[in-house]
Amino acid sequence: KAGVTQTPRYLIKTRGQQVTLSCSPISGHRSVSWYQQTPGQGLQFLFEYFSETQRNKGNFPGRFSGRQFSNSRSEMNVSTLELGDSALYLCASSHGHVGSREQFFGPGTRLTVL
Amino acid sequence: AQSVTQLGSHVSVSEGALVLLRCNYSSSVPPYLFWYVQYPNQGLQLLLKYTSAATLVKGINGFEAEFKKSETSFHLTKPSAHMSDAAEYFCAVSDSSGSEKLVFGKGTKLTVNP
């Protein structure tokens with residue numbers, strides 16, 4: 001079974017630009033969560049989508065948004081990029097049912113904002 | 001609100017020695033607890049999880065953890081360290097709600113000396 005895939009793996013943008021990251025979950029998984037990892041703040045939850053609906057959201061500004069498609073693939077978008085948005089963005093997928101509680105992580109997208 | 005504290009951002013052991021990585025959690029509801037490992041330039045891999053079944057949980061690669069409610073702890077141990085165990089380890093907590101959101105500790109970087 002193929003794992004979680006994220007594209008692109010590396011991305012360089014300049015301040016003020018916007019970026020879209022993509023995540024393809026494991027086949028059959030309906031929940032996709034996004035996390036931001038930085039040296040200073042560690043791993044922080046961005047949001048979770050389940051069956052195309054946002055089920056939970058972390059404490060990030062509105063510049064961070066996401067969506068999920070009918071095939072469970074998910075995208076996250078960051079508008080008006082700031083230097084502090086430089087991070088590793090990780091996507092995780094799971095079945096999403098109460099009791100499953102096992103998330104599988106992708107390799108991440110390394111975003112650098114110049 | 002849930003939180004996780006990992007004592008020691010860096011731990012160094014000799015090959016063959018006991019590995020002990022500490023994790024304390026705070027949760028107002030029965031928690032789900034996890035240990036993940038991250039190798040350089042990779043995503044997170046689940047080592048083990050506690051979901052209110054047995055308090056001693058065995059995971060992959062010889063790791064295990066014991067849930068101690070009275071101490072709000074979930075420490076990770078391995079009897080004999082191997083060079084390949086060198087990585088960063090994250091403890092995480094999730095609540096029993098319908099969301100998959102994970103709250104992570106700051107991580108502990110494990111170094112294994114020959």
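Please treat every number below as a calculation from the coordinates, not as lab data. Because the structure is a prediction, the values reported are computed rather than measured. Cβ coordinates were reconstructed from backbone atoms using ideal geometry, including for glycine residues, and neighbour counts include every protein chain displayed.
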Query raised in the report: Using alpha carbons only, what's the Rg to Rh ratio of the stretch B:29-79 with Rh from Kirkwood?
Result: 1.00
Requested in this report: Give a quick list of trypsin sites (Lys or Arg not before Pro) in the stretch B:1-104 that DSSP marks as loop, anything other than H, G, I, E or B, with at most 13 other Cβ atoms within 10 Å.
Outcome: B:Lys69
Query raised in the report: Normalised by the residues of chain B, what does the relative contact order come to in percent, with Cα pairs under 8 Å and at least six apart?
Result: 38
Report summary line: Once amide hydrogens are built 1.01 Å from N within the peptide plane, the residues lying 5 or more places from A:Phe47 or on another chain with amide H under 5 Å from its amide H are A:Trp34, A:Gly58
Report task. Could you work out the equivalent-ellipsoid semi-axes for the stretch A:1-61, taking the square root of 5 times each eigenvalue of the Cα gyration tensor, largest first, in whole Å? Result -> 22, 16, 12
Requested in this report: Compute the Rg/Rh shape ratio of chain A: radius of gyration over Kirkwood radius, all on alpha-carbon atoms.
Outcome: 0.95
Query raised in the report: Tally Lys/Arg at +1 and Asp/Glu at -1 over every other residue whose Cβ is under 13 Å from the Cβ of B:Lys109; what's the total?
Result: -1
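From the gyration tensor of the Cα coordinates in the protein assembly as shown, what semi-axes in whole Å does the equivalent ellipsoid have, largest first, with each one equal to sqrt(5λ)? Could the numbers behind the result be given before it?
Details: eigenvalues 170, 86, 50 Å².
Over the Cα atoms of the protein assembly as shown, the semi-axes work out to 29, 21, 16 Å.
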Requested in this report: With a point put 7 Å past each Cα toward its Cβ, work out how far B:Asn41 is from B:Ala1 in nm, to one decimal.
Outcome: 3.5
Report task. With a cut-off of at most 11 other beta carbons within 10 Å, and DSSP calling the residue loop, which GluC sites (Glu not before Pro) in the stretch B:1-89 qualify? Please list them. Result -> B:Glu71
Report summary line: For chain B, the Cα convex hull volume per residue in Å³ comes to 98
Requested in this report: Quick one: compute the contact order of the stretch A:25-99, relative version, from alpha carbon pairs under 8 angstrom and 6+ residues apart, as a percent.
Outcome: 39
Query raised in the report: So what J values fall out for the stretch B:14-23 if you push phi through Karplus, 6.51 cos²θ - 1.76 cosθ + 1.60 with θ = phi - 60°, rounded to Hz, Gly and Pro as x?
Result: 8, 4, x, 7, 5, 9, 9, 10, 9, 9
Query raised in the report: Quick one: if the Förster radius is 45 Å, what FRET efficiency do B:Ala54 and A:Arg63 give, using the C-beta to C-beta distance and rounding to 0.05?
Result: 0.55
Query raised in the report: aspartates and glutamates near B:Lys101 by alpha-carbon distance under 18 Å, same-chain residues fewer than 8 away left out - which ones?
Result: A:Glu48, A:Glu52, A:Glu75, A:Glu102
